[in-house]
1. Could you go through the range 44-59 in sequence order and give the Karplus-derived ³J(HN,Hα) for each residue, using 6.51 cos²θ - 1.76 cosθ + 1.60 with θ = phi - 60°, rounded to whole Hz, and x for Gly and Pro?
2. Lys/Arg Cβ at +1, Asp/Glu Cβ at -1, dipole of the range 24-86 taken about the Cα centre: which of Q69, S25, L55 is farthest positive-ward?
3. With θ taken as phi - 60° and the coefficients 6.51, -1.76 and 1.60, list the Karplus ³J(HN,Hα) couplings across the range 36-43 in order, rounded to whole Hz; mark glycine and proline as x.
4. With N set to the residue count of the range 24-86, report its C-alpha Rg divided by 2.2 N^0.38 Å to two decimal places.
5. Could you give the dipole magnitude of the range 24-86 about its Cα centre, charging the beta-carbon of Lys and Arg +1 and that of Asp and Glu -1, in debye to the nearest 20?
6. What residues qualify as long-range amide H neighbours of M53, i.e. H under 5 Å apart, gap of 5 or more or another chain, H built at 1.01 Å from N?
7. Determine the sum of side-chain charges near P27: Lys and Arg each +1, Asp and Glu each -1, restricted to other residues whose C-beta is under 15 angstrom from that of P27.
Amino acid sequence: MKMTILSFFLLLTMSVMAQYEIPVSDPYVCPPCNNACDELEYDKPGVCVHCNMVLIKKNQSKTIAFYLQNGVEILDFAGPMEVFAYAGY
């Protein structure tokens, strides 16, 4: 009787443990390019089929900031801003 109860408890514990999900890796996304593909998610790395940009992990997106001070010319930050925008930031 003790053996039956023990085996039942062990079987119940194993079945509960088997229901835990294996964590899925982060999805890959297209860097923001202001197209419809900004909403798509992919399950593996590669290239976006719409805009041909290299896919990045969803939690790897970066924020770029520009420090502007008095006397700055528009070209001082417009050029680098265009480069980052073209790269998808």
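Here, each number is a calculation from the coordinates, and none is a lab measurement. The shown structure was predicted, so the numbers you read here are calculated from the model rather than taken from an experiment. All Cβ positions, even for glycine, are placed from backbone atoms using ideal geometry, and neighbour counts span all protein chains on display.
1. 9, x, x, 10, 5, 6, 8, 10, 6, 8, 5, 6, 10, 5, 4, 8
2. Farthest towards the positive end: S25.
3. Values, residue by residue: 5, 6, 5, 8, 7, 10, 10, 9 Hz.
4. After normalising by residue count via 2.2 N^0.38 Å, the value is 1.42.
5. That gives the range 24-86 a dipole magnitude of about 220 debye.
6. C48
7. Charge balance in the 15 Å sphere: -2.
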